[in-house]
Amino acid sequence: MDSENSRMINTETGIEPDENKSRTSIWSQTTEVQERLPLSGNREVDVAVIGGGMAGLLTAYLLQQKGRQVIVLEAARIGSGQTRNTTAKITSQHGLVYDKLTRKYGFQNARLYARANEEAISMYEKIVQQRQIDCDFQRLPSYLYSTQDREVLQAEARAAARLGLPASFQESTALPFATVGAVCFEHQAQFHPLKFLSGIAKDLEIYERTMVYSVKGHKLRTNHGMVTARHIVFATHYPFPVIPGFYFARQHQERSYAIAYTGTKPLDGMYYSIDDMGLSFRSYKDLLIIGGGGHRTGRQEAGGSYEFLRMQAKQYFPEAEEEACWSAQDCISHDMLPFIGTYSCLRPYWYVSTGFKKWGMTFSMLSAMIISDRICGVEHPYQKVFTPQRWHSIVSARAFFLDLGISIKGLLAGYHFLTSAREEDLKPGHGGIVRKGGKRYGCYRDSQGEVHRISLRCPHMGCELLWNPDELSWDCPCHGSRFDYDGNLIDNPAQKHKKDVLE
């Protein structure tokens with residue numbers, strides 16, 4: 001049996017995928033976001049923000065507070081991308097980061113990184129209080145734990161404390177399993193992201209269902225008219241212009257999964273593991289949110305991420321009952337720092353916020369602070385650490401060549417005739433790559449027996465899509481674009497549905 005056929009059969013994990021099962025986050029289930037009209041005709045503005053997630057709306061909000069004329073263009077609904085799928089932790093605890101930052105980039109840069117994130121937390125609290133936003137904002141500790149490596153945690157605690165963070169090593173945790181200790185970051189925060197987003201969006205000029213197809217100079221072409229802007233902010237999670245900036249060659253995307261449970265006791269804080277296949281935890285009212293099972297986008301042919309979380313929950317919380325399950329996507333830069341600031345020296349009036357790793361809420365605020373200051377002509381004290389014009393060649397080289405190899409493999413995939421899988425072999429609820437009439441297709445057979453067929457080339461840069469059985473989607477292993485089994489676009493950087501692309 002050839003490798004492509006094996007990949008199709010390996011999707012049979014013993015659990016039948018349910019195409020009707022909800023993949024809606026607990027945030028989407030517990031709030032309604034006010035709908036906005038699409039753009040109607042051409043506009044000329046001071047600032048256009050592309051993307052109506054947390055980073056985009058915060059940038060627009062701070063710019064409006066500074067007296068700038070700003071509009072937000074959102075392809076779907078505000079908060080409908082990664083913001084609704086976050087676990088909504090606002091922390092300066094970002095995994096094993098501070099010891100590495102100090103050694104690789106120096107004490108001063110590491111201290112700026114630490115201070116920037118602490119200031120972002122405080123800014124959230126300030127806005128919540130000023131606007132009296134009921135978003136379940138709560139200050140509480142965040143713990144970085146391990147079941148295996150005590151020494152690396154102690155080193156991280158020492159590094160974080162030297163940088164001025166409220167961090168200390170603790171011998172034990174409140175988790176229902178043994179650990180070797182944890183780094184406790186005091187006075188961190190969590191909230192309900194969509195309630196907060198609704199609060200800051202009230203007075204903003206936002207146009208939903210307005211897709212930006214292209215940006216040339218100061219002009220943005222959308223499906224509802226042309227916008228001319230003096231400044232343009234790309235807050236689209238993953239920036240879609242290939243040139244300039246070349247962000248497709250400077251980061252990759254990863255997926256992570258979460259399940260919310262009732263029937264558990266609330267935890268004393270937020271938890272994040274440094275171990276391989278470790279778990280993250282946070283409470284929300286009477287719910288416990290468990291996260292984990294992550295992988296690089298397009299690299300989950302065998303499936304099983306949700307089932308992994310369910311098995312862990314059953315082991316540690318046997319009385320718990322599942323309320324919701326969902327997934328998110330994260331951009332990971334090669335040097336592990338976000339890109340925040342001027343898009344490219346060739347486009348000084350373009351700005352970008354991307355590469356947030358798994359800390360999108362904190363970096364969304366930080367990017368809004370930095371970019372809003374830059375547009376208003378103010379040099380922000382933290383911008384040099386996160387500038388997209390940096391180049392940490394030694395730190396980035398290994399990740400760059402790894403991503404380059406994966407992209408080349410994705411581009412060359414399919415230029416052979418080894419696929420022997422047949423469409424009629426697909427079982428209901430399963431997908432795979434088949435050859436039909438001399439062409440390779442991605443096929444999914446639904447529970448009614450109907451086959452859904454799409455071409456396999458991603459419209460972003462032409463890499464071959466791979467099947468994700470956990471989410472019944474076709475994912476790009478090169479740059480992270482995702483499509484449902486009918487070819488509808490789920491995640492960028494691609495901008496078109498597969499059905500909109502002539503093959």
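Considering only residues of segment 317-334 that are more than 14 Å from the chain's Cα centre (by Cα), in contact (Cβ under 8 Å) with a residue 40 or more places away in the chain and open to solvent by 10 Å² or more (accessible area, probe 1.4 Å), which is nearest to HIS94 (Cα to Cα)?
HIS334
Please count how many residues of segment 242-287 are free of Cβ contacts under 8 Å to residues at least 40 places away in the same chain and either on the phi > 0 side of the Ramachandran plot or touching a helix residue (DSSP H, G or I) at 6+ places or on another chain (Cβ under 9 Å) (or both).
Total satisfying the criteria: 3.
State whether one or more residues within segment 151-171 are open to solvent by 10 Å² or more (accessible area, probe 1.4 Å), modelled with pLDDT of 95 or more, within 29 Å of THR83 (Cα to Cα) and part of a helix (DSSP H, G or I).
Checking segment 151-171: not a single residue is open to solvent by 10 Å² or more (accessible area, probe 1.4 Å), modelled with pLDDT of 95 or more, within 29 Å of THR83 (Cα to Cα) and part of a helix (DSSP H, G or I).
For segment 177-199, indicate whether the set of residues that are at pLDDT 95 or above, of a type in the set (Asp, Glu) and in contact with a helix residue (DSSP H, G or I) (Cβ under 9 Å, 6 or more places away or on another chain) is non-empty.
No: segment 177-199 contains no residue that is at pLDDT 95 or above, of a type in the set (Asp, Glu) and in contact with a helix residue (DSSP H, G or I) (Cβ under 9 Å, 6 or more places away or on another chain).
How many residues, within segment 88-116, are open to solvent by less than 40 Å² (accessible area, probe 1.4 Å) and closer than 21 Å to GLN329 by Cα?
So the answer is 9.
I need a count of the residues in segment 425-448 that are at pLDDT below 85 and either among the polar types (S, T, N, Q) or open to solvent by 20 Å² or more (accessible area, probe 1.4 Å) (or both).
Qualifying residue count, segment 425-448: 12.
Restricting the first residue to segment 132-145 and requiring it to be touching a residue at least 12 places away in the same chain (Cβ under 8 Å) and part of a strand (DSSP E or B), which pairs with a second residue that is aromatic (Phe, Trp, Tyr) and open to solvent by 20 Å² or more (accessible area, probe 1.4 Å) meet a Cβ separation below 6 Å and a spacing of at least six or different chains?
LEU144/TYR272
Among the candidates SER168, SER142, single out the residue that is touching a strand residue (DSSP E or B) at 6+ places or on another chain (Cβ under 6 Å) and under 30 Å from GLU32 (Cβ atoms).
Answer to the selection: SER142.
Would you confirm whether any residue within segment 35-48 is modelled with pLDDT of 80 or more, within 20 Å of ASP203 (Cβ to Cβ), touching a Leu at 6+ places or on another chain (Cβ under 8 Å) and not in a loop (DSSP other than H, G, I, E, B)?
Yes, segment 35-48 contains at least one residue that is modelled with pLDDT of 80 or more, within 20 Å of ASP203 (Cβ to Cβ), touching a Leu at 6+ places or on another chain (Cβ under 8 Å) and not in a loop (DSSP other than H, G, I, E, B).
Counting only residues that are more than 20 Å from the chain's Cα centre (by Cα) and acidic (Asp, Glu), which one in segment 449-499 is most open to solvent (accessible area, probe 1.4 Å)?
Only one residue tops the list, namely GLU450.
Can you report the number of residues in segment 87-114 which are in a helix (DSSP H, G or I) and more than 20 Å from LYS358 (Cβ to Cβ)?
7
Could you check segment 359-396 and list, in sequence order, the residues that are surrounded by fewer than 20 Cβ atoms within 10 Å (Cβ to Cβ), over 25 Å from ILE243 (Cβ atoms) and of a type outside the set (A, V, I, L, M, F, W, C)?
ASP373, GLY377, GLU379, HIS380, PRO381
Enumerate the strands (runs of 3 or more DSSP E) found wholly within segment 179-287, keeping only those where 1 or more residues are within 24 Å of PRO388 (Cβ to Cβ) and open to solvent by 20 Å² or more (accessible area, probe 1.4 Å).
Of the strands (runs of 3 or more DSSP E) lying wholly inside segment 179-287, those with at least 1 residues that are within 24 Å of PRO388 (Cβ to Cβ) and open to solvent by 20 Å² or more (accessible area, probe 1.4 Å) span 212-216, 219-222, 225-234, 251-262.
Per-residue answers, yes or no, for (1) within 17 Å of PHE196 (Cα to Cα); (2) small (Gly, Ala, Ser); (3) in contact with a Pro (Cβ under 8 Å, 6 or more places away or on another chain); (4) buried (at least 21 other Cβ atoms within 10 Å of the Cβ):
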{"site": "GLY41", "(1), (2), (3), (4)": "no, yes, no, no"}
{"site": "ALA48", "(1), (2), (3), (4)": "no, yes, no, yes"}
{"site": "GLY53", "(1), (2), (3), (4)": "yes, yes, no, yes"}
{"site": "LEU58", "(1), (2), (3), (4)": "yes, no, no, yes"}
{"site": "LEU63", "(1), (2), (3), (4)": "no, no, no, yes"}
{"site": "ARG68", "(1), (2), (3), (4)": "no, no, no, no"}
{"site": "LEU73", "(1), (2), (3), (4)": "no, no, no, yes"}
{"site": "ALA76", "(1), (2), (3), (4)": "no, yes, no, no"}
{"site": "GLY79", "(1), (2), (3), (4)": "yes, yes, yes, yes"}
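Can you name the strands (runs of 3 or more DSSP E) wholly within segment 421-483 that have at least 2 residues being over 19 Å from HIS252 (Cβ atoms)?
Because the criterion is at least 2 residues that are over 19 Å from HIS252 (Cβ atoms), the strands (runs of 3 or more DSSP E) in segment 421-483 that meet it are 430-436, 439-445, 451-455.
Could you check how many residues of segment 484-495 are at negative phi, touching a residue at least 12 places away in the same chain (Cβ under 8 Å) and in a loop (DSSP other than H, G, I, E, B)?
6
The values are calculated or read from the model by the stated rules, or taken from the named source; none is laboratory data. Quantities reported herein were computed from a predicted structural model and do not represent experimental measurements. Quick reminder, even Gly has a Cβ in these numbers, built from the backbone with ideal geometry, and neighbours come from all protein chains shown. Keep in mind that these areas ignore ligands, DNA and RNA; they rest on the heavy atoms of the full protein, side chains included. Shrake-Rupley method; radii C 1.70, N 1.55, O 1.52, S 1.80 Å.
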